[in-house]
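Worksheet for the structure shown next.
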Amino acid sequence: MPRAVIVGLDGSPESQAAAEWAAREAKLRDLPLTLVSVLEPVPEPIAQAPLMGPETSHHWIDRIPREYAEGLRLRHPGVKVGVRRLSGRPGDLLPRRARDDEALLVLGSRGLSGITGFLLGSVALASVAHAGQPVVLVRASEQAVDEHLMDPAGIPSAATPYRPVVLGLNTAKQHDAVIAYAFESAACRSASLRVVQAHPDRRPPADLAGMLRPWARAFPQVAIVDEARSGGAAEHLAAASQDASLLVVGRRIRRTPIGRLGPVAHSVLRLAASPVAVVPHH
């Protein structure tokens with residue numbers, strides 16, 4: 001389980017939506033939240049341009065995160081919110097900070113169409129591909145009501161129960177970290193866990209009950225709904241994300257300088273409608 005939540009804040013709408021989601025998650029998990037702003041080196045010709053020099057950058061990175069942290073404290077009472085400033089490359093520093101703090105890393109990403117899917121910028125792609133901790137991607141349009149069921153009148157509400165957490169499970173090999181994160185996420189939301197296993201052919205489904213038994217015992221309050229599907233995993237998971245509060249997928253850790261996402265995780269990020277947690281595993 002993460003020991004903290006950190007979020008990359010650069011002032012963009014997507015990073016602000018990520019900060020709001022991170023504050024909600026920190027409250028659910030009773031964890032501290034840190035807003036991390038990264039001052040990137042500015043090439044000399046640009047640094048000399050009017051309104052683009054280091055004074056402007058330092059002004060933003062000093063003042064705006066502090067003001068945004070104050071707003072988060074007001075909107076999310078009880079959440080301990082801190083601010084940290086770093087200098088360097090965000091795609092390198094944010095995953096490293098998450099590793100050192102044993103933290104969940106939350107990042108914003110623009111939607112592909114404004115409705116579904118993520119447009120992965122270089123920072124998000126590098127962070128997801130290299131992080132040794134779970135990374136959650138949140139779209140700019142994400143709101144608290146999107147994670148909850150409609151009220152009895154069919155009106156969006158953040159006061160209703162959470163939508164299910166969806167776990168995309170590769171049953172060819174058991175990945176404990178991915179399963180544990182999904183159960184923790186469902187438990188803190190008092191939500192059910194929808195486990196989707198997909199096969200490209202019509203092989204018999206794996207024994208999910210046996211695979212999940214240790215976590216079902218540890219989290220008896222989590223109702224489990226398992227589904228076996230034939231066909232592409234990414235498409236089934238994207239469809240399930242339409243009614244999910246969170247979609248959880250795994251990413252195999254590759255001990256190479258060039259980290260990369262597997263095809264399923266990459267496709268899921270391109271298609272998903274809900275926030276997506278990418279959990280690294282060996």
For Ser122 and Ala144, extending 7 Å from Cα along the Cα-Cβ vector and measuring point to point gives, in nm, a value of 3.6 nm
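Can you tell me how much longer the chain between Ile155 and Arg3 gets when fully stretched, taken as 0.36 nm per residue apart minus their C-alpha distance, in nm with one decimal?
That pair, Ile155 and Arg3, stretches by 51.2 nm at full extension.
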Going fewest to most other Cβ atoms within 10 Å around each Cβ, Val106, Val196 line up as Val196, Val106
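Every number in this text was worked out from the coordinates using simple rules, so none of it is lab data. Small disclaimer: the values here were computed from a predicted structure and weren't measured. Methodologically, a virtual Cβ is constructed for each residue, glycine included, from the backbone with ideal geometry; neighbour enumeration extends over all protein chains shown.
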